[in-house]
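One structure is given here, and the rest of the page talks about it.
The values are calculated or read from the model by the stated rules, or taken from the named source; none is laboratory data. Worth saying up front: this structure is predicted, and the values here are computed from it rather than measured. Counting neighbours? That spans all protein chains shown, and the Cβs are built from the backbone with ideal geometry, glycine included.
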Amino acid sequence: MSTALFATVERFLDYLNVERNYSPQTLIRYRHDLTRLIAYADAHGIADFAALRADRVRHFIAGEHRAGIAPKTLQARLSACRSLFKFLLCTGELAHDPAAGVRAPKAPRKLPQVLDVDEASRLVEIPTDGAEAVRDRAMLELLYSSGLRISELTGLNWRALDLADASVRVTGKGRKTRLVPVGTKALDALKALRELVPVHDPDAPVFRGRNGAPIGAAAVRVRMKAWAKAQGIERRVYPHLLRHSFASHLLESSGDLRAVQELLGHADIATTQIYTHLDFQHLARVYDAAHPRARRRK
């Protein structure tokens, strides 16, 4: 692999980390995507990013597509390349944007799955007949109450929780912080957890795994799957499903898209708008079932 190209990418990633405060997960994804670009450049005798042209970048993306890479992944890969080229344009190392006019294949738009209100309530209202169950109840209630991402949940410490004010301060994508309300059921579950495990250090993790360390995302998924089965929920359940359900139920009740955007921490309201399609699907089902002139579907 070209040492010069690799060094340029590492310098770019350092910039994103130090100057732009990008999350570790995003940096890992960027490094992987840009390593693929370097491998392509090496295979075609390109020793400098300045030698790249739009036709080469287009050929790179097309080759990845033929290799079976999903359109959504290719869109993210091209976005990483664009960010690198923009950085090099700003530093004067490029005179043109090699990705100008290059497009990734369109990805089919998939609507997120959601639990209905009864399913969500059944999932989170687990019996608290042990220390592990008390912790799990608090995790589930908070995920559904506040629409947290799994990384936000596992990285949460007691300092970020204000039980008196019924709020939680979380750090999301791009290391941006936001203040989110906590519902009464989640507050009760968190208070029960704190009584069970007295807090002496405000920086201690709220949800602990083995040896007092923060619980891992994989462990949360395993626990959710087990509780879903125990609660008689047949469908696949995972942490982000509760975030989707939180957004869909809140939007359906309030109709306030901008507020839901703020609560979810979406940078672009277009990301939040997908939940309006979910709401329309619900309305369409009601219409088809109830309107005398609607087309019935078996």
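Kindly indicate the residue of the range 141-188 that is polar (S, T, N, Q) and under 24 Å from PRO127 (Cβ atoms) and also surrounded by the fewest Cβ atoms within 10 Å (Cβ to Cβ) among those meeting that condition.
This residue is THR184.
Residue by residue through the range 53-97, note down the ones that are touching a Ser or Thr at 6+ places or on another chain (Cβ under 9 Å) and surrounded by fewer than 15 Cβ atoms within 10 Å (Cβ to Cβ).
Scanning the range 53-97 gives a single hit, GLU93.
Does VAL220 fit the bill of being outside any helix (DSSP H, G or I) and touching a residue at least 40 places away in the same chain (Cβ under 8 Å)?
No: the conditions fail for VAL220.
Give the residues of the range 103-123 that are surrounded by fewer than 15 Cβ atoms within 10 Å (Cβ to Cβ), outside any loop (DSSP other than H, G, I, E, B) and out of contact with any His (no Cβ under 9 Å at 6 or more places or on another chain), sorted by residue number.
Within the range 103-123, ASP118, SER121 qualify.
So SER245 ticks every box in (1) modelled with pLDDT of 90 or more; (2) farther than 14 Å from LEU111 by Cβ; (3) of a type outside the set (Phe, Trp, Tyr); (4) in contact with a helix residue (DSSP H, G or I) (Cβ under 8 Å, 6 or more places away or on another chain) but one. Which box is left unticked?
The failed condition is (2).
As an exercise: evaluate ALA100 against (1) of a type in the set (A, V, I, L, M, F, W, C); (2) free of Cβ contacts under 8 Å to residues at least 60 places away in the same chain; (3) surrounded by 13 or more Cβ atoms within 10 Å (Cβ to Cβ); (4) part of a loop (DSSP other than H, G, I, E, B) and give the number of the one condition it does not meet.
Every listed condition holds for ALA100 apart from (3).
Name the residues in the range 62-106 that are under 24 Å from the mean Cα position of the chain (by Cα), of a type outside the set (S, T, N, Q) and closer than 17 Å to LEU16 by Cβ, would you?
Listed by number, the residues that qualify are ALA76, ARG77, LEU78, ALA80, CYS81, ARG82, LEU84.
Would you pick out the residues in the range 1-33 that are hydroxyl-bearing (Ser, Thr, Tyr) and in a helix (DSSP H, G or I)?
THR3, THR8, TYR15, THR26, TYR30
VAL260 passes all but one of (1) surrounded by 12 or more Cβ atoms within 10 Å (Cβ to Cβ); (2) modelled with pLDDT of 90 or more; (3) part of a helix (DSSP H, G or I); (4) β-branched (Val, Ile, Thr); which number fails?
Among (1) surrounded by 12 or more Cβ atoms within 10 Å (Cβ to Cβ); (2) modelled with pLDDT of 90 or more; (3) part of a helix (DSSP H, G or I); (4) β-branched (Val, Ile, Thr), VAL260 violates only (2).
So which of HIS200, HIS266, HIS277 is in contact (Cβ under 8 Å) with a residue 40 or more places away in the chain and either more than 27 Å from ILE126 (Cβ to Cβ) or in the same structural domain as ARG159 (by TED's automatic domain parsing) (or both)?
HIS277
Give the residues of the range 124-142 that are farther than 15 Å from THR184 by Cβ, part of a helix (DSSP H, G or I) and β-branched (Val, Ile, Thr), sorted by residue number.
The one that is farther than 15 Å from THR184 by Cβ, part of a helix (DSSP H, G or I) and β-branched (Val, Ile, Thr): VAL134.
Any chance you could count how many residues in the range 148-171 are β-branched (Val, Ile, Thr) and in contact with a His (Cβ under 9 Å, 6 or more places away or on another chain)?
Residues meeting the conditions: 1.
I'm checking my understanding of the structure. Among residues of the range 157-177 that are in contact with a helix residue (DSSP H, G or I) (Cβ under 8 Å, 6 or more places away or on another chain) and assigned to a loop (DSSP other than H, G, I, E, B), which one is farthest from HIS249 (Cα to Cα)?
Here the residue is LEU163.
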